[in-house]
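Participant: Structure incoming, see below.
The values are calculated or read from the model by the stated rules, or taken from the named source; none is laboratory data. Note that the structure is predicted; figures quoted are calculated from it, not measured. Here Cβ is always computed from backbone atoms with ideal geometry, including for glycine, and neighbour counts include all displayed protein chains. We work out accessible area using only protein heavy atoms, side chains counted, and drop any ligands, DNA or RNA first. Shrake-Rupley method; radii C 1.70, N 1.55, O 1.52, S 1.80 Å.
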Amino acid sequence: MSPSGEHFLTVTHYQELLSLHRVEDGSVVSELDAEEVIPDHPALDPNNDEPEVHWDYYGGFLDEHTVIAGTTEADEEYGTGRHWLVDVRDMRLLGEVTYPFPTSGVPNTLGDGSWYTIAEDTKELQVWRLADA
């Protein structure tokens with residue numbers, strides 16, 4: 001749910017489309033196809049691996065126009081999962097989130113512009129915020 005309460009996100013059953021909906025009537029405003037915008041995982045071997053990129057079911061709004069979404073489930077075969085920033089005004093991929101140390105799991109938004117991950121090895125809760133936020 002967006003901070004204003006005007007929009008919400010869904011991911012299709014096969015996780016290929018991230019969709020922005022209007023709360024008022026549930027209509028789809030725009031969609032972003034993972035296979036069209038997400039680059040192959042850097043550890044993927046193009047000679048032996050068939051790339052299959054899809055969105056995680058988790059993610060959310062950091063602010064009214066910025067969403068954080070993951071491809072961790074699709075990436076786990078190749079190593080560390082990736083998280084992505086999306087501008088929902090034009091459903092444009094802004095880029096991959098880079099972290100100062102390894103993280104694991106999906107990004108879970110907290111509603112105040114931050115999100116958390118859980119460290120796989122120590123089970124520590126890691127809270128994040130964009131540098132310019």
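Participant: Across segment 11-16, in residue order, what do the Karplus-derived ³J(HN,Hα) couplings come to in whole Hz, using 6.51 cos²θ - 1.76 cosθ + 1.60 with θ = phi - 60° and x for Gly and Pro?
Facilitator: With the stated coefficients, segment 11-16 comes to 10, 5, 3, 8, 6, 7 Hz.
Participant: What is the spin-label model distance, in nm, from LEU125 to PHE8 if the labels are put 7 Å beyond Cα along the C-beta direction?
Facilitator: With each label point 7 Å from Cα toward Cβ, the separation is 2.4 nm.
Participant: Solvent-accessible area of THR12, probe 1.4 Å, all protein chains present, reported in Å² to the nearest ten, please.
Facilitator: 40 Å²
Participant: Sticking with the crude label model, points 7 Å out along Cα→Cβ, report the distance from ARG22 to LEU110 in nm, one decimal please.
Facilitator: 3.4 nm
Participant: Once a ≥ b ≥ c are taken as the square roots of the eigenvalues of the Cα gyration tensor of segment 1-73, is the result rounded (a/c under 1.5), prolate (a/b larger than b/c) or oblate (a/b not larger than b/c)?
Facilitator: prolate
Participant: Step through the residues of segment 52-68 one at a time and calculate ³J(HN,Hα) from phi using the Karplus curve (6.51 cos²θ - 1.76 cosθ + 1.60, θ = phi - 60°), rounding each to whole Hz and writing x for Gly and Pro.
Facilitator: 9, 9, 8, 6, 6, 7, 9, x, x, 7, 8, 8, 4, 10, 10, 10, 10
Participant: Another question, then. Would you mind getting the accessible area per residue of the chain, heavy atoms of the protein chains only, 1.4 Å probe, in Å²?
Facilitator: 58 Å²
Participant: Another question about this same structure. Out of residues 5 or more away from HIS54 or on other chains, whose amide H comes under 5 Å of its own, with H placed 1.01 Å from N in the peptide plane?
Facilitator: It is ALA74, by chain and number.
Participant: What does the C-alpha gyration tensor say about the overall shape of the chain? Classify as rounded when a/c is under 1.5, otherwise prolate if a/b is larger than b/c, or oblate.
Facilitator: Oblate.
Participant: Additional query: Whose amide H sits under 5 Å from the amide H of VAL23, counting only residues 5 or more places off or on another chain, with H placed in the peptide plane?
Facilitator: HIS7, PHE8
Participant: Using protein chains only and a probe of 1.4 angstrom, how many square angstrom of ILE118 are accessible, to the nearest 10?
Facilitator: Accessible area of ILE118: about 80 Å².
Participant: Accessible area, 1.4 Å probe, largest first: how do ARG89, ARG22, ARG129, ARG82 sort?
Facilitator: Largest accessible area first, the residues go ARG89, ARG129, ARG22, ARG82.
Participant: Carbon-plus-sulfur fraction of the accessible area of segment 34-79, 1.4 Å probe, in percent?
Facilitator: Looking at segment 34-79 in its full context, I get 41 percent from C and S.
Participant: Which order do THR80, THR10, THR72 take by accessible area at a 1.4 Å probe, largest first?
Facilitator: My answer, sorted largest first, is THR80, THR10, THR72.
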